[in-house]
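Everything on this sheet refers to the single structure shown next.
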Amino acid sequence: MTLPSSEPAARAPAEARADGALSVADALHLIRAAVAPVTDTDALPLAAALDRVLAEDVASPIDVPPRPCAAMDGWAFRHADVATDPARALRQVGAAFAGHPFGGTLHAGQCVRVMTGAVVPAGADCVAMQEVVRVDDAGVHVPADLVPGQNVRRRGEDLARGEVCVAAGTLLRPAHLGLLASIGCADVHAHRRLRVAFFSTGDELVEPGAPLPDGAAYDANRYSLRGLLQRLGCELHDLGLVRDDPASLQAAMATAAAQADVVLTSGGVSVGEADYTRRVLAELGEVAFWKIAMRPGRPLAFGRVGGALFFGLPGNPVAVMVAFQQFVREAILRTAGVRNEVELPLLPLPAACTIRKKPGRTEYVRGVVARDDNGMVRVRPTAGQGAAMLRSMTQANCLIVLAHARGDVAAGEPVDVLLFEGMV
Ligand code: AMP
Ligand code: MG
């Protein structure tokens, strides 16, 4: 793998070159090129497969539904019987309930009481819903305006036997589990869970629960990272706090690289600290130190240590989360074998107020999407946008993503919104 330093990349747009910063798009491009999926797989029961990544296509071994079945409670009959004689009274010869089919075949002039989900008996091709049927001493009267096939779910209508219903590379969500169960699939082959090692760097950091000495700060990043990684279904290797000295950093990095597919650190990559981190990393792998034209999250180290993919995230707690969501999330999903759903949709919504924005960098503004008094859905920034202000991350329900070239946003103008639900 060849990684550029923060020298201007050949394909970096002109406005990103002035200070040697990479655009977000270029950084993403370089990260995507460096990522390869893990190939080991596990066999697991379906019940344990939520958030795992399917390793092989699953084709349905059956038609779904396996037999034609009733979509409504009512009576199943032969459409031709009433097509020629709309006034004809049909004779009920039996009943079919879900799980209890009517064994016989329907002959001319006959009908069968059916409940939703019941197999439509052989010979019948139409179901009249009970609300439109009249039953009297003469028999069962169905309306004349039905068409053949009405209220009948055709055999194989959802899935034909042999059809791939969940493709390799799919991140298994609740609906996939239900679909796989519906075709009788009890076990799946999934990519093995990704091992992610992470630690925080900084002499000032102390563990929550310990006393806070003067000048110290509690380690927030390892806890937000832990949550983000858990949401992605990773196997966590928490290596704790690491002091700002080369021997400790080197030892932690070597341990991390030996146990994990991906190594994440926070802190120690900003200009003041990068030289020392750079020296240590140069001995262990190939890591580039980037300045990214974004806010927050400007410094980022990316590359490989040992066999692991490495992200050196900034120290500021909001920058960590934004850089994670913008770069690490996608890299982790792709390394875990995900081929679909990797990019999150950006929804355009009107800004509720003016937002200051400097062209030449992508800005991520913590925002709140809400309905105003007129019923209009709009997005407004939270108070307190500093990169260290983690509280506003908890008050936000989205990030407003303001594109690289964009300038100030006027109230009412559309902005791109990345909703948090399920992620942060
Ligand atoms: P650094 O990039 O290491 O200079 O860190 C930038 C800022 O983020 C400093 O104010 C650090 O104290 C703060 N910081 C770094 N790591 C953490 C952490 N794990 N939790 C909370 N704040 C941190
Ligand atoms: Mg530091």
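Each value in this text was obtained by applying a stated rule to the coordinates, not by laboratory testing. Not measured: the values here are computed from a predicted model. Cβ sites come from the backbone with ideal geometry, for glycine too, and all protein chains shown count toward neighbours.
Odds and ends about this structure:
- Calculated FRET efficiency for the pair VAL35/SER248, C-beta based, R₀ 25 Å, to 0.05: 0.30
- Charged-residue dipole, Cβ positions (Lys, Arg, Asp, Glu), segment 69-153 about Cα centre, Debye nearest 20: 200 debye
- Residues in segment 68-82 reached by a label modelled at ALA138 [backbone nitrogen below 20 Å; 7 Å Cα→Cβ]: 75-82
- Principal axis extents of the Cα atoms in the chain, from largest to smallest and rounded to whole angstrom, are 93, 52, 49.
- Between ARG154 and LEU241, the modelled label-to-label distance comes to 6.6 nm, taking each label 7 Å out from Cα in the direction of the beta carbon.
- Using the rule -39500 (n - 2.57) for each DSSP H run of four or more residues, divided by the residues of the chain, the 222 nm mean residue ellipticity is -6000 deg cm²/dmol.
- Net charge, CYS165 excluded, C-beta distance under 15 Å - Lys, Arg +1, Asp, Glu -1: -4
- Residue-count net charge about ASP85 - beta-carbon cut-off 14 Å; Lys, Arg +1, Asp, Glu -1: +2
- Given R0 = 22 Å, the distance between the Cβ atoms of GLN230 and HIS189 translates into a calculated FRET efficiency of 0.45.
- For segment 103-154, the equivalent ellipsoid derived from the Cα gyration tensor has semi-axes of 17, 14, 11 Å, listed largest first.
- Inter-part distance where segment 274-331 and segment 151-199 are each reduced to a Cα centre, Å: 34 Å
- Look at THR255, THR84, THR265 and count the other Cβ atoms within 10 Å of each Cβ; fewest to most, that gives THR84, THR255, THR265.
- Net charge of Cβ neighbours under 15 Å - reference TYR223; Lys, Arg +1; Asp, Glu -1: +1
- The Rg/Rh ratio of segment 347-419, with Rg taken over Cα atoms and Rh as the Kirkwood radius over Cα pairs, comes to 0.95.
- Segment GLN130-CYS353, extension gain: residue separation times 0.36 nm, minus the distance between their alpha carbons: 74.8 nm
- When the charge dipole of the chain is built from unit charges on Cβ atoms (+1 for Lys and Arg, -1 for Asp and Glu) and taken about the Cα centre, the candidate among MET393, VAL93, ILE292 whose Cα reaches farthest toward its positive end is ILE292.
- Taking the Cα centre of segment 295-424 as reference, the dipole from Cβ charges on Lys and Arg (+1) and Asp and Glu (-1) amounts to some 420 debye.
- In terms of Cα atoms, the Rg and Dmax of segment 234-361 work out to 16.2, 51 Å.
- Cβ-Cβ FRET estimate between ALA98 and ARG339, R0 fixed at 25 Å, reported to 0.05: 0.10
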